[in-house]
Amino acid sequence: MTVSARLAELGIELPAVAAPVAAYVPAVSHGGLVYTSGQLPFVDGALPATGKVGADVSADDAKAYARTCALNALAAAADVVGGVDRIAGVLRLGGFVASEPTFSGQPGVINGASEVLGEIFGDSGRHARAAVGVAVLPLDSPVEVDVVFILA
């Protein structure tokens, strides 16, 4: 099954590629891989929430935002290589969670990104990963995700 067919089966429509908020490009392809820049959970050009997970944003909401970040990353990767069907799987995912000082549920939050990539790519979506708590993210976003995809 193609990735585009799997997305349709899941009822997932990839978003438009989010415009960079600084001096970088959303994704770069090199040597059979596509590296995405950090993706925030933009929906129609806006963040759905801001603040720290564990204080201003619930862990469940942050998990949903991490899912959005992963879909934004997939859209950026597909855009740079000429379509989602050129992507064969996921190599690595980096997840960052703007956390209130006592919050320690970063892995559960970043599962939002890992799980949707697993749904889309199946076994080819299994990946190495980091889930890191940080003091603040760009634009006061609660989460940010970057992904390294494997080209078909």
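Remind me, relative contact order of the chain in percent, using alpha carbon pairs under 8 angstrom and six or more residues apart?
33 percent
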Find how many whole Å separate the alpha carbon centroid of segment 70-110 from the alpha carbon centroid of segment 26-49.
8 Å
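Ignoring ligands, DNA and RNA, please state the percent of accessible area on the chain from carbon and sulfur, probe 1.4 Å.
Working: 3750 of 7010 Å².
Its accessible area is 53 percent carbon and sulfur atoms.
Restricting to DSSP H runs of at least four residues, report the calculated mean residue ellipticity at 222 nm for the chain, -39500 (n - 2.57) per run over all residues, nearest 500 deg cm²/dmol. Walk me through the numbers on the way to the answer.
Details: 3 runs with 47 residues, N = 152.
Roughly -10000 deg cm²/dmol at 222 nm, from the helical runs in the chain.
If we sort 103-116, 64-77 on the protection proxy, mean other Cβ atoms within 10 Å, highest first, what's the order?
Values: 103-116: 20.5, 64-77: 25.7.
Descending packing order for the listed peptides: 64-77, 103-116.
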Residues with amide H under 5 Å of Val134's amide H, sequence separation 5 or more or different chain, H placed in the peptide plane at 1.01 Å from N; which?
Val97, Ala98, Ser99
Once the dipole of the chain is set up with Lys and Arg at +1 and Asp and Glu at -1 on Cβ about the Cα centre, which of Ala130, Leu10, Thr68 lies farthest towards its positive end?
Ala130
Which whole-Hz ³J(HN,Hα) couplings does segment 128-134 yield from phi under the Karplus relation 6.51 cos²θ - 1.76 cosθ + 1.60, θ = phi - 60°, glycine and proline marked x?
6, 7, 10, 10, 10, x, 10
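Using a simple charge model, +1 on the beta-carbon of Lys and Arg, -1 on the beta-carbon of Asp and Glu, nothing else, what dipole does the chain show about its Cα centre, in debye to the nearest 20?
Values: 8 positive and 15 negative charges, 81 e Å.
So the dipole magnitude of the chain works out to roughly 380 debye.
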Helix 59-81 versus the longest principal axis of the chain: what angle, 0 to 90°, nearest 10, using Cα atoms?
30 degrees
Taking the inverse of the average 1/r across all pairs of different Cα atoms in segment 38-106, what Kirkwood radius in Å do you get?
13.3 Å
Along its principal axes, what span do the Cα atoms of the chain show, with the longest given first and each in whole Å?
42, 32, 27
Segment 7-47: equivalent-ellipsoid semi-axes (sqrt of 5 x gyration tensor eigenvalues, Cα, Å)
21, 18, 6
Taking every DSSP bridge whose two residues both lie in the chain, the antiparallel percent to the nearest 5 is 65 percent
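The values are calculated or read from the model by the stated rules, or taken from the named source; none is laboratory data. These figures come from a predicted structure and were not determined experimentally. Note: ideal-geometry Cβ built from the backbone for every residue, glycine included; neighbour counts use all protein chains shown. Side chains included, ligands, DNA and RNA excluded: accessible areas come from the protein's heavy atoms. Shrake-Rupley method; radii C 1.70, N 1.55, O 1.52, S 1.80 Å.
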